[in-house]
Amino acid sequence: MKVNKEIFYHAYSGEKVDIGGILVFNSDTHNKMYDEVYNNEYKIDGIDANELLINKKRNQENSFSIDEVELLLNTINNDAFVLRELALEEVRKSKYPSYPSRLSCLYITKTKEEAINWIKILKRNKKKCKQVLTLELTGEIFSFDGNQMKRQNVSYQKHLQNAELYWNSIDSNNLEILFYGEAKVIKIENIDI
């Protein structure tokens, strides 16, 4: 759906922005999720989760430190996230190329309250997000079923099936709204949750 100077909201965790500033999102840009998919890695003292587990088995160790457990949890969670996003991108590129990439769009909400709810979700996932931006959008918005966004350790085939459901969705009580275009910052609110 095309929009012209319409007001939406965004849970913001990016670089400093100013009122009146313009944020541009299109197929040539990358959002923070792009870095999470392509550049995130978890290690302790240069050792990843796989090497940690191999060493534990080799040494017949049965106990884990808090840091080691956190490494394992972060790795499992991140792997499920990355596979989901890669499947979504693969299906989008092959079947729905007119839709925006989730790795280059701006995620928006219709209300400030929805943006605040996203801040709560992001904080649970240890993301630093403390602002709600009120934005005047000119471009195109796309809505999809956020219920299809499961972060699960399932087969890649299952991720592809879920991706197909996501891109095919029209109605949902849990819409995820993606935006391509120019977003003018109208208001910046610090949120302390």
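Under the combined filter of DSSP loop state and at most 14 neighbouring Cβ atoms within 10 Å, region 1-96 retains these trypsin sites (Lys or Arg not before Pro): Lys16, Lys43.
GNM on the chain, alpha-carbon springs under 10 angstrom: the most fluctuating residue among Leu73, Leu165, Leu135 is Leu73.
Listed by chain and number, the lysines whose C-alpha is less than 28 Å from the C-alpha of Lys130, apart from same-chain residues fewer than 8 away, are Lys5, Lys16, Lys32, Lys43, Lys110, Lys112, Lys120, Lys150, Lys184, Lys187.
Among the GluC sites (Glu not before Pro) found in region 42-133, those both in a DSSP coil and sparsely packed, with 12 or fewer other Cβ atoms within 10 Å of their Cβ, are Glu61.
Count Lys and Arg as plus one, Asp and Glu as minus one, and take only other residues whose Cβ is under 12 Å from that of Ala11; the net charge is then +4.
Loop-located trypsin sites (Lys or Arg not before Pro) in region 110-158 (DSSP state not H, G, I, E or B) with no more than 10 neighbouring Cβ atoms inside 10 Å: Lys126, Lys128.
Neighbours of Asp192 by Cβ distance under 14 Å: Lys/Arg scored +1, Asp/Glu scored -1, total +3. Projected label points at Asn40 and Glu114, each 7 Å from Cα along the beta carbon direction, are separated by 2.3 nanometres.
Any chance you could list the semi-axes, whole Å, largest first, of the equivalent ellipsoid that the Cα gyration tensor gives for the chain, using √(5λ)? Each step should come with its number before you reach the end.
Working: eigenvalues 223, 88, 39 Å².
Whole-Å semi-axes of the equivalent ellipsoid: 33, 21, 14.
The tail of the calculated P(r) for region 87-193 beyond 18 Å holds 55 percent of all Cα-Cα pairs.
The numbers here are math on the coordinates, done by the rules we state, and not lab data. Computed from a predicted model, the values in this text were never measured in an experiment. Counting neighbours? That spans all protein chains shown, and the Cβs are built from the backbone with ideal geometry, glycine included.
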